[in-house]
Amino acid sequence: MSHASALRCRLLQLQSRFNWDLDPQDMDLESLSTRLQEHIKLRLGRRGAVALSRSSLAYVWYLQGRPEEAASLLNQSEEETRECFGEESERRLIVTYGDLAWLNYHTGDYTQSHTHCQRVEDILVKYPTSSSSVLHPEVYGEKAWTYLKFSWTYYTKAIECFHKALELQPDDSEWNAGLAIALYRRAPRALETSVNIEESPAIKQLRRALEVNPDDGILLSMLAIMLATNQKHQEAKDLVERALRIDPDNPHVTRYVAKYLRNEGDVDDSIDLLKQTLQRTSQSAFIHHQLALCYKRKKTAELMKKPFTNQVEVKRWRRLCIDHLDKAVRIKPSFVLALADLALMYGEEKNISRANELFQQTLQILPELEKSIQQFFHLCYADFHNYHTQQEAEAITHYTKGLLIPLDKYEWKQCAKKLKKIAERRLSKDKNDSRAHGLLGLVAKTEGDKKKAVEFYEKALDCDSNNDEYLSALLDLRMELQ
């Protein structure tokens, strides 16, 4: 076996981002790079978080063809880890040395690659685990944070790794906080409302993490958002006040508090907080998106003042909304929630070609995205056709696609409501409109009212007796009702 082949066999045994099946196609590398640089600049996170951000950024820069800068970052990460953890730093460097070994290998420096492999092996001899299949909790933790930072598609892997770290160190504040954040990000907000509040995995873990570290402002503000969603308003308010008292200058705390305030209807206070946060972290797509949602709420409130709507104010709020959505998607081009909202805003401005361009851009990546985001997109695209292009058939198609995603969310309810309105409008013009009866049958079926659905499909078939779609739906329903 050649020297290079033997070295590669050793490298494949290492714990490293190069070995963790991180697919560049799952990531928005430019946005990830910007976000990690912001974290480093602002020194965000708990002890050792900046070193971890440097290591993560090094891998991103390697993928972007910047190996020398990547190596420099990994060396800085090693230095920072040693400063931060002192005598306890060695287990924290297993992944850093693994990354350096792979990076040296890819740049042809086999001597340095061998040196870093040896460093990892020496640490593993000095600090053995219970078996060869068990990693150190620090390695599970770094793997989990990497999955959590790199892409939503890896959230399940992040949760698994945090669980493994906690099996070894149940009271560690970092692993408890990491698991809480991962569960919070993965939890579909509306689905959390359909279970007993204290049985929600995200809420249970947020409470557990705060038992271990009661002064984590980020966890306090995340828990506040979830509790407010579940109608626990007084406890949520107390948590928000505590988060702001403990960590008022942390942009992550202020962004979650601002989201909480917007959800509670305190839009002006939310805008003030988000503006303050932007002064520190201007390259946050999330904060620009949150500000845009505040301005969208202001625009909607102005429109509700009919017949006294001030069109100048409506245009002003819409323009501010568009400006911040535009910034959000420039910072993070794959930000589908912002892209769909921006397209809809352009539709309102009658800039139909720009709106269409953004919707088509989003359609390309839609199949890869989580179901809740797909549902939100279909609602926006359907609204665009329903209200701005008058293409009713397209509106029906996308409301239906949104309806058929089985998530009990606001978007699902809106799809059902708007399909009913379209059907009722059609029936007011022609009571024998089979399409309208069929739509009402579909909505009744998805709402769980099978008897009513049968009645609507029977009416649809009375109007169009040869329709296979209605016949098939009716037969299925009758079988289910038997």
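The values are calculated or read from the model by the stated rules, or taken from the named source; none is laboratory data. Just so we're clear, the structure is a prediction, and the values are computed from it rather than from any experiment. All Cβ positions, glycine included, derive from the backbone under ideal geometry; neighbour counts span all protein chains shown.
Please go through segment 312-333 and give me each residue that is surrounded by fewer than 18 Cβ atoms within 10 Å (Cβ to Cβ) and farther than 18 Å from Ala301 by Cβ, ordered by number. Result: Asp323, Asp326, Arg330, Pro333. Condition first: more than 19 Å from Ala58 (Cβ to Cβ) and either out of contact with any Gly (no Cβ under 8 Å at 6 or more places or on another chain) or in a helix (DSSP H, G or I) (or both). Can you find one or more residues in segment 97-111 that meet it? Yes, there is a match, as at least one residue in segment 97-111 is more than 19 Å from Ala58 (Cβ to Cβ) and either out of contact with any Gly (no Cβ under 8 Å at 6 or more places or on another chain) or in a helix (DSSP H, G or I) (or both). Lys306 passes every criterion in (1) charged (D, E, K, R); (2) in a helix (DSSP H, G or I); (3) farther than 21 Å from Ser33 by Cβ apart from (2). Does any residue of segment 371-384 turn out to be charged (D, E, K, R), surrounded by 16 or more Cβ atoms within 10 Å (Cβ to Cβ), modelled with pLDDT under 95 and closer than 27 Å to Ala187 by Cα? Within segment 371-384 (the criterion being charged (D, E, K, R), surrounded by 16 or more Cβ atoms within 10 Å (Cβ to Cβ), modelled with pLDDT under 95 and closer than 27 Å to Ala187 by Cα), the answer is no, since none of the residues qualifies.
A search for C-beta distances below 6 Å between a residue of segment 117-135 that is in contact (Cβ under 8 Å) with a residue 40 or more places away in the chain and any residue that is part of a helix (DSSP H, G or I) and of a type in the set (A, V, I, L, M, F, W, C), counting only pairs 6+ apart in sequence or on different chains, returns Cys117/Ala101; Val120/Ile94. Among the residues of this structure, Leu168 does not count as one that is of a type in the set (A, V, I, L, M, F, W, C), buried (at least 21 other Cβ atoms within 10 Å of the Cβ) and modelled with pLDDT of 95 or more.
Of all the criteria given as (1) of a type in the set (Phe, Trp, Tyr); (2) buried (at least 17 other Cβ atoms within 10 Å of the Cβ); (3) touching a residue at least 24 places away in the same chain (Cβ under 8 Å), the one not satisfied by Tyr387 is (2). Residues considered: Tyr457, Tyr399. Of these, the only one that is over 25 Å from Lys350 (Cα atoms), within 39 Å of the chain's Cα centre (by Cα) and hydroxyl-bearing (Ser, Thr, Tyr) is Tyr457. Of the candidates Leu379, Leu337, Leu403, the single residue that is over 23 Å from Ile422 (Cα atoms) and touching a residue at least 12 places away in the same chain (Cβ under 8 Å) is Leu337. For segment 38-56, the criterion of being surrounded by fewer than 20 Cβ atoms within 10 Å (Cβ to Cβ), part of a helix (DSSP H, G or I) and polar (S, T, N, Q) is met by no residue. Those residues that are among the charged types (D, E, K, R) and surrounded by 15 or more Cβ atoms within 10 Å (Cβ to Cβ), I need them from segment 426-446; list them, please. Across segment 426-446, the qualifying residues are Arg426, Asp433, Arg435, Lys445. Of everything in segment 80-97 that is surrounded by 14 or more Cβ atoms within 10 Å (Cβ to Cβ) and among the acidic types (Asp, Glu), the residue that is farthest from Leu29 (Cα to Cα) is Glu90.
If the condition is being of a type in the set (Val, Ile, Thr), more than 22 Å from Arg35 (Cα to Cα) and surrounded by 17 or more Cβ atoms within 10 Å (Cβ to Cβ), then segment 221-266 contributes Ile225, Thr229, Val240. Against the test of being modelled with pLDDT of 95 or more, closer than 22 Å to Glu394 by Cα and either of a type in the set (A, V, I, L, M, F, W, C) or not in a helix (DSSP H, G or I) (or both), the options Leu337, Leu325, Leu342, Leu366 yield a single qualifying residue, Leu342.
Look at segment 421-432: where a residue is without any contact (Cβ under 8 Å) to a residue 60 or more places away in the chain and a partner is buried (at least 17 other Cβ atoms within 10 Å of the Cβ) and outside any helix (DSSP H, G or I), sitting 6+ places away or on another chain with Cβ atoms under 6 Å, you get Arg426/Asp433; Leu427/Asp433. Checking Ser284, Ser270 one by one, the residue that is among the hydroxyl-bearing types (Ser, Thr, Tyr), surrounded by 22 or more Cβ atoms within 10 Å (Cβ to Cβ) and touching a residue at least 40 places away in the same chain (Cβ under 8 Å) is Ser284 and no other. The set of residues in segment 18-31 being in contact (Cβ under 8 Å) with a residue 60 or more places away in the chain and either within 16 Å of the chain's Cα centre (by Cα) or over 17 Å from Tyr155 (Cβ atoms) (or both) consists of Phe18, Asn19, Asp26, Met27, Asp28, Glu30, Ser31.
Of the residues screened, Leu148 is not one that is assigned to a loop (DSSP other than H, G, I, E, B), crowded, with 18+ Cβ neighbours inside 10 Å and not small (Gly, Ala, Ser). Screening Glu69 with (1) closer than 20 Å to Trp175 by Cα; (2) free of Cβ contacts under 8 Å to residues at least 40 places away in the same chain; (3) part of a helix (DSSP H, G or I) gives one miss only, at (1).
For segment 171-181, the condition of being under 28 Å from Ser31 (Cα atoms), assigned to a helix (DSSP H, G or I) and among the acidic types (Asp, Glu) holds for at least one residue.
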